[in-house]
Every structure is written in C-alpha cells, then in structure tokens.
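Worksheet: one structure, shown below.
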Amino acid sequence: MRKQLLLVLILLTAGPLAAAAAEREAVSVIPQPEKMEVQEGKFLIGPETAIVCDRQTRQEAEYLRDLLRTPTRYALPIRETAPRDAANSIVLRIVPDAKDLGEEGYALKVSGDRVVIEAGTAAGVFYGCQTLRQLLPAAIESDCLVGGVEWEVPCVEIKDRPRYSWRGIMLGPGHNFLTTEFVKHYLDVMALYKLNRLHLHLTDMGWAIEIKKYPELTKIENWPPILPRWRRTYGKCTQGFYTQEDVREIVAHATRRHILVIPEIELPAHSSAALACYPELLCPNWKSPAEKIDSYFQLPFNYCAGNEKTFEFLEGVLSEVIELFPGPYVHIGGDERVRGAWEACPKCQARIKSESLKNEDELQSYFVKRIEKFVQSKGRQIIGWSEIMEGGLAPEAVVQSWLDPKHAVAAVGQGHDVIMSTNQNCYLNYRGLSLEKSYAFEPTPPELSAEAAKHILGVEPCLWGFGQHRHDELVFPRLCAFAEVGWSPKGQRNWDDFKARLKPHGRRLDELGIDYHRDPAFAEKLWE
Ligand code: ACM
C-alpha cells in the first residue's frame, strides 16, 4: 500500500518522465515481454486465493503454490474442477488455439479479481508464472516468512514469446566442482529469467561425473595436479564429482523448470583427468599428464585417435551419460586439439593412412564423425565447439560458435544449427565484458538471410573456471542481460530502459541470496 501511495505521489509531483521511470520500477520484467500493457488497478494474493489448473498444468500449479508458500505462509489451494472464471483465483490453462504463442509463449492477464495465464504448452504456462513472480514484490523470493507485505500484482495484459529457442548458460564443474545444491539453486534463478538450457562442462583436468564402468575416473587422487598458477587465477581448489544419483536429482530439478541439461564430455583434447586415470589411451610416445604438466594451458594431451581402446572407452562413457541425461543433445567438445601429438604418434599416422585421410584435421573429423555415429545410434545429436568444422563437419552436428562468428555463418551455410557463444561477447570470465557489451550482443550474424537465420538456435554465455564462491559476482547481473538478448524482440532492446528495469532486480537477487556484482547503478563499466 505504502509503495502504491509513493508511486501516486511521484506521478503527481514529478511529471511524465518521473512517472514513466516509477512505472518501470514498479513493473520491471526481465526479459522484457514482447507486448505488455500496464493498466489501472491491482490483484491481491491472499490466503483465500485459489490456483485453478487443468491436468496438463497441475505441475506448474504446484510449482507456483510452493514458490508463494515460503514468504507468505499461504498454502494456496489447487483446484482442477473450479470454474475458470472463479473470483480471487490464479488460472493456469492450456488453450488449443494458442498457435501464435509458439512452444514457449504465454498470455497473462491480471485484473482486479483474477490472474489468467494461458499458453499452448506447459512450458508457456511456466513462463507466465515467472512473469507473475516478477510482478510481485521482490520479497516473494525470500526464503523467510515476510510479514507486512501486500502481495499485490499490478493489472497488466501481456502477450509474450521468446525470440530464440536456446537460452542457456555453460558452467564448468569439470574444472572447479559445483555442488548439486549450488546447481539446483542456479536452476531456480535461471527459471526466473526464462532460461532453458544448462550446459555442464563435466570433464577436463577434473572428471565430474561417476561412470560405473570406469571407476578410476572419479578417484581424485588420480587427477593431474592443479598448478598454483591455475589455483591463483581461479580461486580455491574445488574438486569433486556427481554420483549418478546426484545427476538424476539435477536433471529432475531442471526438468520441473523446463530446463534441459546438456552434458559435455570433452574429446579429443581437454581430457587430462581421463588420460591421467587411463594413460593407455594416450598416444604411445606421450608421457602421462601427471608427469608432464607445467601449466594448465600446456596440457598437451589428446586421446590417441589410432587406438581402438579410445573409442571403446568413450562409447562406454557416453552410453552411461546418455542414460542419465534424457535430452536430445550430447556435447562432445572438440575444441583446441593439441598440435604435435598426433603428428608424432605412429598409431595416429597409421590411422591417417588406413582411412586415406589427408592430415590431422581430417583425423579429428574422422574421430568426431565416428563418435557422432555412435551417439546417433542411441538417438541423440552431438554438439561441438567451432573447431569441429576443421577437416569436415560431422553430418548432423550442432556447432557452438565461440571463436569468430564466421564459423557460425559457414556452419549455417552447410545447413547446420548453431549456438552463439562468441567469446568476446559471451565469456563471463572475461573481465572486460561489461554489462552494456553483454546486453548489446546480437546473436544472429547480419550476413544471414531470414531463412538461414533460423539455424541460429540462440545464445549461451559461458563461465570457465572459478569456484562456486566466485560465480555470483561473475554471472550476475550479466546473465539478466543475456536472458533479454535470448528472449526479447531485437527491435525492442533498449539499454537505458534495461538499466532502469534492472535496478529493482538487485533487491530480487538479494532475496535470492545471489551475491551479484555490486555497483550503485549497475553502471556500464562493471568489470573493467
Ligand atoms: C573454449 O573456450 N575452448 C571452447
């Protein structure tokens, strides 16, 4: 009530500009909806408010009830049989004629006596609930009981759907382990910003996933030593792995939030932990990682591409990974192959000869294509970093473009789907990447035609290294900018407006316990 009075006072005394700013503060949805009209009045959620759903939206109704329960202590009743125009209700429903809303869009109407969220899919209803969440006072995010707050929602009419289907983030527990609880907390916050892809980089100098067939992988004492330089750069030494039960818990938590988890098992390089555990998979003339390391960036190890045991091992690993992650994609890395190893290896050279390959790039392509065939035999599709284009792209691979966007254009030219993670614009570990630069990122390269641009699936910022104690300040609030890049219409993106809307999100992130990078006004030069 007091907030409303303040708003009215501002409106009366400070003229239209201040009024617009105050409204932005009161209704600050991120990502900005495609169409939103703020109207007079408000809806008040109280202990008698009912959630009315149908069978397909039951899970969303339970999610919303649980979300509202902690700070309000209201255990809102859920009714499947109540009339859809019941007063004092939040109505969630699937409507068959919602084709213009697509797979993830929704319509949200808040009037004085009810809230109605309609969509063609449960995911759309879920995103409508996230917008409703953001229209409530920030204290709705609290994990404490919050007294003295009117749980009111301004009257609005919203029609909204995403620009891109891929709105993700990559985190790297294969470098610095992130606990299951931490990952679940991040999934909760991703949902708030309508992000739908969590890419976990599970292997590199650590191996963060239990594989029953290869138990040596998760014996941490086998892993190569983490150098002081690496530890200094990236903070505390954090090692660990997910049991298969942990993975199921993460995947279930994500699925309830309409988030797909994409596992990455790196090959042929960035695999020093696996190669320290199973050194027989190295090229025979190469020393074990444990003996050879002198700096992280000089971990000169690839799996031997001439050794059948390499493929047997990777197929064993991928079989278990595919069982655990139900989504359609498996990321197989493919970046930064170490030069010199295969060139000097008699087995790799024999493979080049027997397969009539021209060089080591083609050997890499042979490697990736062979893995693709296996992954496809299990009904899944591979994703690989830009370098999988070297020597010839695997037929159905999705390319994650992290280097020059010309790779993205070339991959689209060959009919492949692409995820945009251009390092200069999307690497959250780059301190020079300001909030404004993050917000300005345009995922679709300008040279693509409208038809070709459909192959750009979306955007995925990446955070490489860093223990979880450093994540909040590096990820937030830049992830809010990427959420808007991935969701909102291109023509509607406006930096000044975003900054004004972002400001009240500081309170929301505070309530969520996110220790975001603090600056008095989320200024442009946050990370310089
Ligand atoms: C990468 O940053 N090496 C994908």
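The values are calculated or read from the model by the stated rules, or taken from the named source; none is laboratory data. Please read all numbers here as calculations on a predicted model, not as lab measurements. Cβ placement follows ideal geometry from the backbone for every residue including glycine, while neighbour counts extend to all protein chains displayed.
In region 348-357, is there at least one residue being in contact (Cβ under 8 Å) with a residue 60 or more places away in the chain, away from the ligand (no atom under 16 Å from the Cβ) and not aromatic (Phe, Trp, Tyr)?
Yes - at least one qualifying residue is present in region 348-357.
Looking only at residues in region 134-166 that are more than 18 Å from residue 42 (Cα to Cα) and polar (S, T, N, Q), which one is surrounded by the most Cβ atoms within 10 Å (Cβ to Cβ)?
Looking at residues that are more than 18 Å from residue 42 (Cα to Cα) and polar (S, T, N, Q), I get 142.
Output the residues belonging to region 320-355 that are modelled with pLDDT of 95 or more, surrounded by fewer than 14 Cβ atoms within 10 Å (Cβ to Cβ) and more than 21 Å from residue 259 (Cα to Cα).
Within region 320-355, 346, 350, 353, 354, 355 qualify.
So which strands (runs of 3 or more DSSP E) are wholly in region 73-180 and hold at least 1 residues that are of a type in the set (Phe, Trp, Tyr)?
The qualifying strands (runs of 3 or more DSSP E) are 106-110, 166-171.
Which residues, taken from region 418-465, are in contact with a His (Cβ under 7 Å, 6 or more places away or on another chain), over 21 Å from residue 489 (Cβ atoms) and crowded, with 19+ Cβ neighbours inside 10 Å?
Hit for region 418-465 is 463, nothing else.
Can you find a residue in region 243-266 that is part of a helix (DSSP H, G or I) and at pLDDT below 95?
Within region 243-266, none of the residues are part of a helix (DSSP H, G or I) and at pLDDT below 95.
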